[in-house]
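For reference, the structure discussed in these notes is given below.
The values are calculated or read from the model by the stated rules, or taken from the named source; none is laboratory data. Computed from a predicted structure; not experimentally measured. With ideal geometry, Cβ positions are generated from the backbone for all residues, glycine too; neighbour counts draw on all protein chains shown.
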Amino acid sequence: MKRRTFLHLAAGAAALPLAPPVAWAQAYPAHPIRLIVGFPAGGQVDITARIAAQWLGNALGQTVVVENKPGAGGNLGAEAVVNAAPDGYTLFFAAASNTVNTTLFPNLPYDFARDTTPVSTINRIPLVLEVNPTFEAQNVAAFVAYAKANPGKLSVGSPSAGTPPYLCVELLKMMAGIDVIHVPYVGENQMVTDLLGGQLMAGVGGISSGIGHIKAGKLRALGVTTAARVQELPDVPTIGDTIPGFEASGWSGIVAPKNTPQDVIDKLVAAIKAIQADPKFKERLSDFGAPLFAMSPEQFGTFIVEETEKWGKVVKFAGLKPQ
């Protein structure tokens with residue numbers, strides 16, 4: 001009996017090398033995936049990341065856990081992903097600020113375009129100039145007139161240095177020729193809280209963090225920063241209607257560490273394509289002021305380089321420094 005058992009096991013072992021390699025490893029994803037967000041909970045990027053994580057998890061058949069690592073305009077979160085194992089289990093919910101930071105922050109320990117693998121864009125992030133309802137300006141022209149009549153007295157908030165809203169405030173100062181006090185916040189959530197409480201009269205942020213308050217009349221939207229009006233706030237004019245040529249917006253997308261295996265990237269891309277093709281996902285993003293924005297990995301990689309160059313010119317022209 002022992003001899004027969006030995007021969008049976010030996011025959012089985014001899015056959016193992018003939019099995020396909022995939023049989024030796026669990027299919028990706030075999031356990032939960034971390035999706036790191038470089039900003040605090042409650043802001044535009046965090047809200048859209050959580051929507052995407054839920055839908056992506058359903059598509060992959062595995063939990064996608066959002067992990068907030070705020071700080072330095074999204075740099076801390078990006079660095080955590082750059083240094084993570086390239087196995088597909090640590091991803092980053094990238095934002096426009098990550099391309100801005102390449103120029104804004106000196107001596108970064110990584111190159112965002114070089115040290116990440118683009119997977120797909122997820123959404124655009126239209127921005128809005130919003131004010132406390134007690135503020136006297138009813139539109140962008142009146143806002144500019146007030147700022148000019150009160151130089152150095154009006155405080156305008158934005159999320160932290162390097163974010164599109166932050167640069168939007170600086171663009172507004174330059175193009176409108178106004179002198180306002182720029183107040184950067186660690187996150188959008190606190191800025192909106194101060195706007196609601198009247199500690200801050202004006203701010204620029206992503207539509208999703210303020211749209212509910214705007215529709216409820218607790219905040220007043222003066223203008224959106226995109227080139228055209230947005231579906232989420234159809235009655236709000238663009239800032240460009242008053243200040244010709246003014247345009248700025250953010251975006252979000254998913255990247256992985258450099259050298260992540262191509263088969264893992266392909267599976268993530270397929271899952272994202274599937275959820276972006278679902279009208280319910282598009283509607284869900286739109287509800288939070290984050291219209292769908294789809295790109296292939298190759299297009300996304302080119303886009304990251306182009307965004308880095310575009311915002312780099314703005315940072316240098318304005319002489320901006322991290323705060």
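Observations
- Being within 19 Å of the chain's Cα centre (by Cα), in a helix (DSSP H, G or I) and touching a residue at least 60 places away in the same chain (Cβ under 8 Å) is a property that holds for G301.
- Of the residues making up the stretch 69-120, those that are of a type outside the set (K, R) and within 21 Å of P159 (Cβ to Cβ) number 29.
- Taking (1) farther than 23 Å from H31 by Cβ; (2) at pLDDT 95 or above; (3) surrounded by fewer than 24 Cβ atoms within 10 Å (Cβ to Cβ) in turn, F105 satisfies each apart from (2).
- Screening V45, V37, V100 for residues that are modelled with pLDDT of 95 or more and not assigned by TED's automatic domain parsing to the domain that holds N189 leaves exactly one candidate, V37.
- Residue within the stretch 280-287 that is under 17 Å from the mean Cα position of the chain (by Cα), more than 26 Å from G210 (Cβ to Cβ) and at pLDDT 90 or above present: no
- Residue selected from the stretch 190-231 under the condition of a type in the set (S, T, N, Q), over 22 Å from V144 (Cβ atoms) and not in a helix (DSSP H, G or I), by the criterion nearest to the chain's Cα centre (by Cα): Q231
- Contact map, the stretch 263-288: residues that are assigned to a helix (DSSP H, G or I) paired with residues that are of a type in the set (K, R), Cβ distance under 8 Å, separation 6+ or inter-chain. Pairs shown: Q276/K282.
- The listed residues are A221, A228, A271, and the only one of them that is at pLDDT 95 or above, over 17 Å from V156 (Cβ atoms) and either of a type in the set (A, V, I, L, M, F, W, C) or crowded, with 19+ Cβ neighbours inside 10 Å (or both) turns out to be A271.
- The residue that is surrounded by the fewest Cβ atoms within 10 Å (Cβ to Cβ), counting only those in the stretch 120-164 that are of a type in the set (K, R) and either at pLDDT 95 or above or over 30 Å from G38 (Cα atoms) (or both), is K153.
- For the stretch 170-190, the set of residues classified as without any contact (Cβ under 8 Å) to a residue 40 or more places away in the chain, within 18 Å of V314 (Cα to Cα) and buried (at least 19 other Cβ atoms within 10 Å of the Cβ) consists of I178 only.
- Number of the exception - A294 against (1) outside the structural domain of G162 (by TED's automatic domain parsing); (2) surrounded by 14 or more Cβ atoms within 10 Å (Cβ to Cβ); (3) touching a Pro at 6+ places or on another chain (Cβ under 7 Å); (4) assigned to a loop (DSSP other than H, G, I, E, B): (3)
- Within the set I243, I239, I272, the sole residue that is of a type in the set (V, I, T), more than 30 Å from A141 (Cβ to Cβ) and in contact with a helix residue (DSSP H, G or I) (Cβ under 8 Å, 6 or more places away or on another chain) turns out to be I272.
- Any hit, the stretch 110-119, residues being part of a strand (DSSP E or B) and touching a Leu at 6+ places or on another chain (Cβ under 9 Å): yes
- Every condition in (1) within 27 Å of Y146 (Cα to Cα); (2) touching a residue at least 24 places away in the same chain (Cβ under 8 Å); (3) of a type in the set (V, I, T) is met by T238 except one, and the failing one is (2).
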